[in-house]
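Worksheet for the structure shown next.
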Amino acid sequence: MNYPATRNRRLRQSNAIRALSREYSLSPDDFIVPVFIEEGKNQKNEIASMPGYYRYSLDTLKTEINLINELGLKSVLLFVKVPDHKKDNFGKEALNSDGLMQQSIKMIKDMAPELCVMTDVAMDPYSEFGHDGLVENKQIVNDPSNKILANMALSHAQAGADFVAPSDMMDGRVKMIREKLEVNNFHNTGILAYSAKYASCFYGPFRDALDSAPGFGDKKTYQMDPANSREAVKEAQMDELEGADILMVKPAGPYLDIINKVKENTQLPIAAYQVSGEYAMIKAAAKQGWLNEKNAMLESVLGIKRAGADMIASYFAKDIVKEIS
Ligand code: PBG
């Protein structure tokens, strides 16, 4: 490839040739919309650290689901905010067949059966300690947590969830969940595993949204060390063997190398989660007039796709679809 025979600018000189030679583009098919739900009636509360993003009560959620559907978005990932008096060490409320998560799943599948409903499986929103597993002597104990997580996944499947998404990072939880679903005849309920989930500061705004910050310590004994790369492949390969259908990397933007590396080491689809802090950073800079929000949003997500993500969970999903359609 020699200058002047090769001049790269020839393919950049007009919108037409740029479009023809473009490698990646964004589509509504790419996105999973995270949805925050709370108790009560007629609630639509903006999350302070996530401007433009809201928690809905079941009634106002209907309008939001219709909008998501009309925009051509095809999948939602549900999270619920649990009031303090329903939190305990065992995540008992998570297994309530009439709990907020279970009611939400039923309502959404009722009104929009085609929408792929995915649910977060982890104990933190239900835990009085804000940890993803069971706490004993200030330790997050692995195997007893897996039993609860498997029952939680089953409860979501019974309510009608299409995919369960374990985000807890306990060892062996995908295996336990798959076995529990199979034994109960939920052969077609899929598992989107948060395989390479890092102990990241970028989850801060999300923990505000759900009031789920850890009450003591941090999540470094179960979420991954941001300094590690090969370990992500190990996590992903184990989840694949245990029965995961989709492997997720999270956060996305600061971990593009991980998305790429995991993709090269599996035949499963790869999901990436552009997390709350990634959203908040762009929103904050745009508010100051320091970044163009629209362009920053599109570029950040395109980078995630280019790194190898087959699907992207993003708080920008609706805005992106409005922009590209
Ligand atoms: C719960 C969970 C978290 C996120 C998704 N599921 C928070 C955490 O692990 O502390 C973060 C999502 C985001 O920041 O957007 N286990």
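The values are calculated or read from the model by the stated rules, or taken from the named source; none is laboratory data. Note that the coordinates shown come from a computational prediction; the quantities given were computed from them, not determined experimentally. Note that each Cβ is placed from the backbone with ideal geometry, even for glycine, and that neighbours are counted across all protein chains shown. The protein model used for the area step is the full one, side chains on, heavy atoms only, and it has no ligands, DNA or RNA in it. Shrake-Rupley method; radii C 1.70, N 1.55, O 1.52, S 1.80 Å.
Filtering the stretch 14-50 to residues that are within 19 Å of Ile324 (Cβ to Cβ), hydroxyl-bearing (Ser, Thr, Tyr) and open to solvent by less than 50 Å² (accessible area, probe 1.4 Å) leaves only Ser27.
Among the residues of the stretch 249-262, the one identified as farther than 20 Å from Glu299 by Cβ and either within 16 Å of the ligand (Cβ to nearest atom) or open to solvent by 10 Å² or more (accessible area, probe 1.4 Å) (or both) is Lys261.
The residues of the stretch 263-277 that are out of contact with any Ser or Thr (no Cβ under 6 Å at 6 or more places or on another chain) and open to solvent by less than 60 Å² (accessible area, probe 1.4 Å), listed by number, are Thr266, Leu268, Pro269, Ile270, Ala271, Ala272, Tyr273, Val275, Ser276, Gly277.
Restricting to the stretch 162-196, name every residue that is part of a loop (DSSP other than H, G, I, E, B) and within 15 Å of the ligand (Cβ to nearest atom).
Filtering the stretch 162-196 for residues part of a loop (DSSP other than H, G, I, E, B) gives 162, 167-172, 184-189.
If the condition is that a residue be part of a loop (DSSP other than H, G, I, E, B) and within 15 Å of the ligand (Cβ to nearest atom), then Ser167, Asp168, Met169, Met170 are the ones that fit.
Which residue, of Asp120, Asp29, Asp88, is modelled with pLDDT of 95 or more, more than 15 Å from the ligand (Cβ to nearest atom) and out of contact with any Asp or Glu (no Cβ under 8 Å at 6 or more places or on another chain)?
Values: Asp120 fails: more than 15 Å from the ligand (Cβ to nearest atom); Asp88 fails: out of contact with any Asp or Glu (no Cβ under 8 Å at 6 or more places or on another chain).
Criteria check complete, one pass: Asp29.
Considering only residues that are over 21 Å from Gly215 (Cβ atoms), open to solvent by 10 Å² or more (accessible area, probe 1.4 Å) and assigned to a helix (DSSP H, G or I), which ones fall in the stretch 101-144? If the condition is that a residue be over 21 Å from Gly215 (Cβ atoms), open to solvent by 10 Å² or more (accessible area, probe 1.4 Å) and assigned to a helix (DSSP H, G or I), then Gln103, Lys106, Met107, Lys109, Asp110, Met111, Asp143 are the ones that fit. For Arg207, indicate whether it is within 13 Å of the ligand (Cβ to nearest atom), of a type outside the set (Phe, Trp, Tyr) and open to solvent by 10 Å² or more (accessible area, probe 1.4 Å). In short, yes.
Counting only helices (runs of 4 or more DSSP H) that fall entirely inside the stretch 251-325 and contain at least 2 residues that are among the acidic types (Asp, Glu), the qualifying elements are 293-307, 317-324. When the residues of the stretch 169-192 are filtered to those that are touching a strand residue (DSSP E or B) at 6+ places or on another chain (Cβ under 7 Å) and closer than 14 Å to Met123 by Cβ, the one that is surrounded by the most Cβ atoms within 10 Å (Cβ to Cβ) is Arg173. Return only the number of the condition from (1) under 25 Å from Tyr315 (Cβ atoms); (2) in a helix (DSSP H, G or I); (3) not charged (D, E, K, R) that Ala150 does not satisfy. Tallying (1) under 25 Å from Tyr315 (Cβ atoms); (2) in a helix (DSSP H, G or I); (3) not charged (D, E, K, R), Ala150 fails exactly one: (1). Evaluated against (1) part of a helix (DSSP H, G or I); (2) more than 23 Å from Asn89 (Cα to Cα); (3) of a type outside the set (A, V, I, L, M); (4) free of Cβ contacts under 8 Å to residues at least 12 places away in the same chain, Phe202 falls short on exactly one condition, (4). Among the numbered conditions (1) closer than 23 Å to Phe90 by Cβ; (2) within 15 Å of the ligand (Cβ to nearest atom), the only one that Met224 does not meet is (1).
Matching residues to (1) more than 30 Å from Glu46 (Cβ to Cβ); (2) open to solvent by 70 Å² or more (accessible area, probe 1.4 Å); (3) within 11 Å of the ligand (Cβ to nearest atom):
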{"position": "Lys219", "(1), (2), (3)": "no, no, yes"}
{"position": "Val233", "(1), (2), (3)": "yes, no, no"}
{"position": "Gln237", "(1), (2), (3)": "yes, yes, no"}
{"position": "Leu241", "(1), (2), (3)": "yes, yes, no"}
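Residues that are in a helix (DSSP H, G or I), within 16 Å of the ligand (Cβ to nearest atom) and not aliphatic (A, V, I, L, M) within the stretch 91-100 comprise just one, Glu93.
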